[in-house]
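Engineer: One structure coming up, written as structure tokens, with questions to follow.
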């Protein structure tokens with residue numbers, strides 16, 4: 001699904017990723033954990049195609065394609081999804097309109113007809129109810145005056161509607177209370193299957209109590225220094241990043 005080899009990335013002349021290697025197969029959930037400034041968000045932004053990052057060397061294979069050959073919209077339409085740590089507010093764009101446009105963009109990319117209004121209404125109503133999202137929220141402008149939990153729920157709703165092959169969750173637990181964290185995690189868990197994959201980026205082990213990963217990776221100084229199963233997250237919670245890095 002995703003194979004990253006010897007990735008070196010800088011921004012404004014500052015080296016951020018320093019020889020990162022990571023392979024994620026279909027059906028797998030990987031967690032990436034590390035302290036501030038270790039390169040977690042840089043990796044997610046670079047994979048999604050955000051401007052301003054310079055790749056010095058390395059390769060990224062995504063579903064048999066060179067990811068770097070794909071534009072931002074092509075990456076999204078090919079099934080690469082990024083849930084942001086701080087979702088952007090877009091005044092003047094109704095949430096339901098945005099979601100319908102995103103679905104139709106993907107359908108057009110794959111040569112499918114646009115979803116009709118009735119089918120979309122049934123689909124979004126069903127998915128929104130599962131995430132405890134009110135109809136009023138869908139009529140509001142995208143993320144404008146949303147609480148932190150509402151923003152994250154909207155992104156999980158978007159993910160469920162688009163059904164991406166590879167989802168990257170960049171600190172999606174940031175700012176969530178326990179109830180919102182549970183709802184968001186349940187939404188992610190319902191989407192897990194043998195054909196899609198997840199990269200869950202987080203500081204803390206608490207999210208991984210709800211979204212159990214198959215593999216856990218520790219990133220420090222722009223590269224993965226240790227990998228293991230879920231027990232590595234528990235060890236990290238007990239010992240901290242500095243101690244774990246010493247034993248890598």
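The values are calculated or read from the model by the stated rules, or taken from the named source; none is laboratory data. For clarity, every value in this text was computed on a predicted model and none was experimentally measured. Note: ideal-geometry Cβ built from the backbone for every residue, glycine included; neighbour counts use all protein chains shown.
Engineer: How about the stretch 20-31: which of its residues are surrounded by 16 or more Cβ atoms within 10 Å (Cβ to Cβ) and out of contact with any helix residue (DSSP H, G or I) (no Cβ under 6 Å at 6 or more places or on another chain)? Don't jump to the end; show me each part of the working.
Structural biologist: Of the residues in the stretch 20-31, the ones surrounded by 16 or more Cβ atoms within 10 Å (Cβ to Cβ) are 20, 22, 24, 28-31.
If the condition is that a residue be surrounded by 16 or more Cβ atoms within 10 Å (Cβ to Cβ) and out of contact with any helix residue (DSSP H, G or I) (no Cβ under 6 Å at 6 or more places or on another chain), then 20, 22, 24, 28, 29, 30 are the ones that fit.
Engineer: Residue by residue through the stretch 35-49, note down the ones that are under 16 Å from the mean Cα position of the chain (by Cα) and over 19 Å from residue 70 (Cα atoms).
Structural biologist: Scanning the stretch 35-49 gives 39, 40, 41.
Engineer: Answer yes or no: is there a residue in the stretch 91-114 that is in a loop (DSSP other than H, G, I, E, B), modelled with pLDDT under 90 and either under 24 Å from residue 202 (Cα atoms) or more than 20 Å from the chain's Cα centre (by Cα) (or both).
Structural biologist: No, the stretch 91-114 contains no residue that is in a loop (DSSP other than H, G, I, E, B), modelled with pLDDT under 90 and either under 24 Å from residue 202 (Cα atoms) or more than 20 Å from the chain's Cα centre (by Cα) (or both).
Engineer: How many of the residues in the stretch 181-212 are outside any helix (DSSP H, G or I) and under 21 Å from residue 133 (Cα atoms)?
Structural biologist: 3
Engineer: Right, here's the next one. Restricted to the stretch 109-166, and to residues that are out of contact with any helix residue (DSSP H, G or I) (no Cβ under 6 Å at 6 or more places or on another chain) and at positive phi, which residue is surrounded by the fewest Cβ atoms within 10 Å (Cβ to Cβ)?
Structural biologist: Checked the stretch 109-166; the qualifying residue surrounded by the fewest Cβ atoms within 10 Å (Cβ to Cβ) is 111.
Engineer: Only one of (1) in contact (Cβ under 8 Å) with a residue 24 or more places away in the chain; (2) over 18 Å from residue 165 (Cα atoms); (3) more than 15 Å from the chain's Cα centre (by Cα) fails for residue 63. Which number is that?
Structural biologist: (2)
Engineer: Out of all the residues in the stretch 213-231, which are closer than 23 Å to residue 58 by Cα and either at pLDDT below 85 or assigned to a strand (DSSP E or B) (or both)? Give the derivation first.
Structural biologist: Start the filter on the stretch 213-231 by keeping residues that are closer than 23 Å to residue 58 by Cα, which leaves 215-227.
Selection gives 215, 216, 217, 218, 219, 220, 223, 224, 225, 226, 227.
Engineer: Starting from residues that are touching a strand residue (DSSP E or B) at 6+ places or on another chain (Cβ under 8 Å) and outside any loop (DSSP other than H, G, I, E, B), keep the ones in the stretch 159-180 and report whichever is nearest to residue 25 (Cα to Cα).
Structural biologist: So the residue we want is 166.
Engineer: Checking the condition within 27 Å of residue 101 (Cβ to Cβ), touching a residue at least 40 places away in the same chain (Cβ under 8 Å) and either touching a strand residue (DSSP E or B) at 6+ places or on another chain (Cβ under 8 Å) or not in a strand (DSSP E or B) (or both), which residue from 46, 81 passes?
Structural biologist: After ruling out the rest, the residue left standing is 81.
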